[in-house]
Amino acid sequence: MRAEDVQQIAKFRLGACLDTLERKAEEYTEESDPLHNFVRAGAMLGCSPARALVGMWAKHVISILDIVDRTDRGETVRAELIEEKVTDAICYLILLEAMLRFQNSSMEVDQ
């Protein structure tokens, strides 16, 4: 693999993340709060919204670990499944960063 290949994958994946975040915002945003589901899950579970998000993110990481296990056993994993799981995991980390940045009001969003 060449550096150019990694750059191409990164550009594609980040574009897919933006698309996913926009598409899912319509489904999960409530009362203009894109983090509504995590706030509600945290309240339901008796933990912070960030901790609820990390718990939900763990599901995606476990799916990725299962994919790694399958490839280690020589099994073929559909590219679409790999792309979906990696995109979801990255999106959760982006949402976590947004949540943590806005909880800590001294942090500004860099442009």
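Just so you know, all these numbers are worked out from the coordinates, no wet-lab data involved. Quantities reported herein were computed from a predicted structural model and do not represent experimental measurements. Neighbour counts run over all protein chains shown; Cβ positions are idealised from the backbone, glycine included.
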- Kindly express, to the nearest 10 degrees and within the range 0 to 90, the angle between helix 79-103's C-alpha long axis and the longest C-alpha principal axis of the chain. 30
- Note on the structure: Quick shape summary for the chain, equivalent ellipsoid via Cα gyration tensor, semi-axes whole Å in descending order, reads 28, 18, 13
- Item | Listed residues Val77, Thr20, Asn104: farthest to the positive end of the dipole of the chain (Cβ charges) | Val77
- Task: Rounded to the nearest 10 degrees, what's the angle between the helix 3-28 long axis and the longest principal axis of the chain, both from Cα atoms, 0 to 90?
- Result: 40
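Quick one: dipole size for the range 3-103, taken about the Cα centre, charges +1 on Lys/Arg Cβ and -1 on Asp/Glu Cβ, in debye to the nearest 20.
Taking the Cα centre of the range 3-103 as origin, the dipole is about 320 debye.
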- Item | Most mobile of Ala79, Ala25, Ala16 in a GNM of the chain (Cα contacts under 10 Å) | Ala79
